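Rule-based calculations on the coordinates, nothing more; no lab input. Keep in mind it's a predicted model, so treat the numbers as computed, not measured. Backbone-built Cβ (ideal geometry, glycine too); neighbour counts: all protein chains shown.
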Amino acid sequence: MTHMYGNAARDDLWNKFSEAMQREGKDINITQVMDRWTLQMGYPVVTISKNDSLDNSVTISQEHFVYDTDAKIQNPELFNKSFQWQIPLTFAVGNSSHISTETIMWVANKTETHRVGHMGGETWLLGNINQTGYFRVNYDLHNWRLLIQQLMSNPKIISVGNRAGLIDDVFNLARAGYLPQNVPLQMISYLSQESEFLPWHAASRALYQLDKLLDRTEDHSLFSDYVLRQVEPKYHKLGWPSTSPDGSFMQPAYQAEELQREVIMLACSFGSKHCHRQAVSLISDWISSNKNRIPPNVRDIVYCTGVSLMDEDVWEFIWMKFHSSTAISEKKVLLEALTCSGNVFLLNRLLNLSLTSDLVPDQDVIDVIIHVGRNPLGRHLAWRYFREKWDILNSRYGEALFMNSKLISGVTEFLNTEAELNELKEFILTSGGESAPAFARAVEIVQANVKWHILFQQQFYRWLRKAPDG
């Protein structure tokens, strides 16, 4: 009650937490713990490695997680030894049939050794149980292999939250160069056995990011075919939303509906012929009957897939429906679908109409440019349009910092060639954008994209060429 009628400083709060911990017999200085998390940038990656000794010990190390590992060499003053955290690491060990109850250990040093429960040759380690800590976890390669084997043989031994966390961590660790590129690709080979939404959602987010990095490369089909082989068994098992005899849509449980939607989106995005035929059939039925019988929760997928595969008349039909619709949410979905076209002329037309006419609402112009940029056939168009129209865009949205940052990030985040990086740097100089944090961040992201291609693209495709068909 000390601060009931006054202000509590930050340290007052931490001290009260420390006192509460001490009453429970835990001598933890919360001020020291929290200052590391709140006063220094970023977050750590914790690496857990089994030791070869027979004393059931593991080595736990921590470092600042960065996507551009060269930054540590180039900016040593930013990445010196002061960058370490006091980390409450929850931990469990498991095998093919059992996982231990979790324990917690505090990691305060760069490297520490800890004893854990009995570990055999096939025992795996799992850290940050259910993703309660704000850090990534890496393991030695043998442990990653054991975790992948566990997911393949019996994924339910590992909880849903941990399965999602493993997928999120493994893709981001490989993206940053902490792991070989094949490890995340091997992990998703268990997905046909995954029946929960969260791990599928983690996988789809990671796969879409990777797809945008690769979608203009010569061997892109190696990646899309591999992903499709992992997705199609579940896609065919779940099918499409069902209709009842009266024509209404049957409403499954929310998680089941979201899982079905996620898998359909992946299947259509990565080239499933069955998914494409279904989308084309639903669009054709809508055009011929003028009755929209497309299930509401997959309309965005169907509209986009139809526009990308079908002729200009379909684009004009969607454009007409966009103007006639009075529902704001439906208008947004229709507008985004128009950006999926493979016709460069139509994409150019949409970009020009969005900014120079009142046909597209002001608040949707940025989304149009961003979504055209996400289309591999429209990326260079959106990037060029952004530069040519920057003065207009900046005068219209410049004071709305969120909108401006969203536009800069959205148009540049998937640029990944040396030429595009140079264009970005040159544009920032000529437009006077050197001081804008969003532009500085954009340069970092594009540099990381370019570097990934230089360092890892060949390794990535080399593994895919040898990957099993199953």
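Specify which residue in the list P296, F322, V280 is farthest towards the positive end of the charge dipole of the stretch 272-338, using unit charges on the beta carbon of Lys, Arg (+1) and Asp, Glu (-1), about the Cα centre.
P296
Would you give the gap between the C-alpha center of the stretch 143-159 and the C-alpha center of the stretch 344-403, rounded to a whole Å?
45
Please arrange V450, V58, V170 by counting, for each residue, the other beta carbons lying within 10 Å of its beta carbon, fewest first.
So the ranking, lowest neighbour count to highest, is V450, V58, V170.
How would M310, M187 line up from fewest to most surrounding beta-carbon atoms within 10 angstrom?
So the residues, fewest neighbours to most, are M310, M187.
Can you sort E312, E257 by how many other beta carbons sit within 10 Å, fewest first?
Listed from fewest to most nearby Cβ atoms, that is E312, E257.
For the stretch 181-313, rounded, prolate or oblate, judged on the Cα gyration tensor with a ≥ b ≥ c (square roots of eigenvalues), a/c < 1.5 rounded, else prolate if a/b > b/c?
oblate
Under a crude label model (7 Å from the Cα following the beta-carbon direction), how far is T59 from H453 in nanometres?
In this crude spin-label approximation the distance works out to 3.7 nm.
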